[in-house]
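The values are calculated or read from the model by the stated rules, or taken from the named source; none is laboratory data. Given the structure is predicted, the values throughout are model-derived calculations rather than measurements. Cβ coordinates were reconstructed from backbone atoms using ideal geometry, including for glycine residues, and neighbour counts include every protein chain displayed. Just the protein is used for accessible areas: all its heavy atoms, side chains included, with ligands, DNA and RNA removed. Shrake-Rupley method; radii C 1.70, N 1.55, O 1.52, S 1.80 Å.
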Amino acid sequence: EADIYQTPRYLVIGTGKKITLECSQTMGHDKMYWYQQDPGMELHLIHYSYGVNSTEKGDLSSESTVSRIRTEHFPLTLESARPSHTSQYLCASSASGTANQPQHFGDGTRLSIL
Amino acid sequence: AQTVTQSQPEMSVQEAETVTLSCTYDTSENNYYLFWYKQPPSRQMILVIRQEAYKQQNATENRFSVNFQKAAKSFSLKISDSQLGDTAMYFCALRVARAAGNKLTFGGGTRVLVKP
């Protein structure tokens, strides 16, 4: 089992609220990722990080922001939630080294904006 | 840019039977890696099997094996002796060695239902 944790698992919240989705890993991985996934659909990369103080935009444009102040922690923030943000958000991490290193995923956060 | 296509949205299989999931991809790179991930309902996505493009031998992990056809850019997954716990979404993914941040490109997924 991968040691990567996401909280909360489920969140239902009203429009306009500020939201922070937490992601932590205890494997010492340098690289971390956030994906957005609608139910039963493919994953879209929205943010990634090479390491501390590194953040990059992913392939899918997102209104969310991320930070990487500590190796183990990669939170995602929505300043003002909207119904269009309703989705599942998956966090992942991988070790540095060769590109065959797999990504380890958290359980995800299912976000519903009313 | 890389693309990954899974042409089968859903498949069902009887317990103990074999099912094969198709995946095709496109990349102009020569050095890349291919993965199959499993996402059970409401559970964590986990790695099933991986293949290095420079290896001709097909990867095998217990009941899971791949048929990697590099020239055809095809990477199918075979699940043998299917078990109820194999019910899940299966995603094919590609990573090119030069990809920034070791990013993965995922296919759209195939839902597999194992029937008792």
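Within the straight-line cut-off of under 13 Å between alpha carbons, the aspartates and glutamates reachable from B:Lys70 are B:Asp26, B:Glu29, B:Glu52, sequence neighbours fewer than 8 places apart in one chain being disregarded.
To the nearest 10 square angstrom, what accessible area does A:Lys18 show with a 1.4 Å probe? Spelled out: A:Lys18, probe radius 1.4 Å, area about 130 Å². Each principal axis of the Cα cloud of chain B was evaluated for its coordinate range; sorted largest first, these ranges are 43, 29, 22 Å. Under a Gaussian network description of chain A, with springs only between Cα atoms under 10 Å, the residue in A:Leu76, A:Leu60, A:Leu90 that fluctuates furthest is A:Leu60. Based on the convex hull around the alpha carbon atoms, the range A:4-113 presents an average projected area of 6.4 nm². Normalised size of the protein assembly as shown, defined as Cα radius of gyration per 2.2 N^0.38 Å with N residues, equals 1.01. A simple count of charges around B:Lys103, restricted to other residues whose Cβ falls under 11 Å of its Cβ and scoring Lys, Arg +1 and Asp, Glu -1, yields +1. In the range A:31-49, burial by the other protein chains removes 40 Å² or more of accessible area from A:Gly40, A:Glu42, A:Leu43, A:Tyr48, compared with the chain on its own (1.4 Å probe, ligands and nucleic acids ignored). By the Cα gyration tensor, the range A:61-114 has an equivalent ellipsoid whose semi-axes, rounded to whole angstrom, run 25, 13, 9 from largest to smallest.
Quickly rank A:101-113, B:80-92 as a protection proxy: mean count of other C-beta atoms within 10 Å, highest first.
Values: A:101-113: 20.2, B:80-92: 17.9.
Those peptides, ordered most packed to least, come out A:101-113, B:80-92.
Peptide B:43-55 has a mean shielding of 3, counted as Cβ atoms of other protein chains within 10 Å of each residue's Cβ.
Could you please report the charge total around A:Gln37, scoring K, R as +1 and D, E as -1 over all other residues with beta-carbon less than 15 angstrom from its beta-carbon? Intermediate results must be reported in sequence, preceding the final value.
Working: positive: A:Arg9, A:Arg110, B:Lys38, B:Arg43, B:Arg111; negative: A:Asp38, A:Glu42, A:Asp59, A:Asp107.
Once positives and negatives cancel, what remains is +1.
Top to bottom by accessible area (1.4 Å), largest first, where do B:Arg95, B:Arg111 land?
Details: B:Arg95 0, B:Arg111 105 Å².
The most accessible residue leads, giving B:Arg111, B:Arg95.
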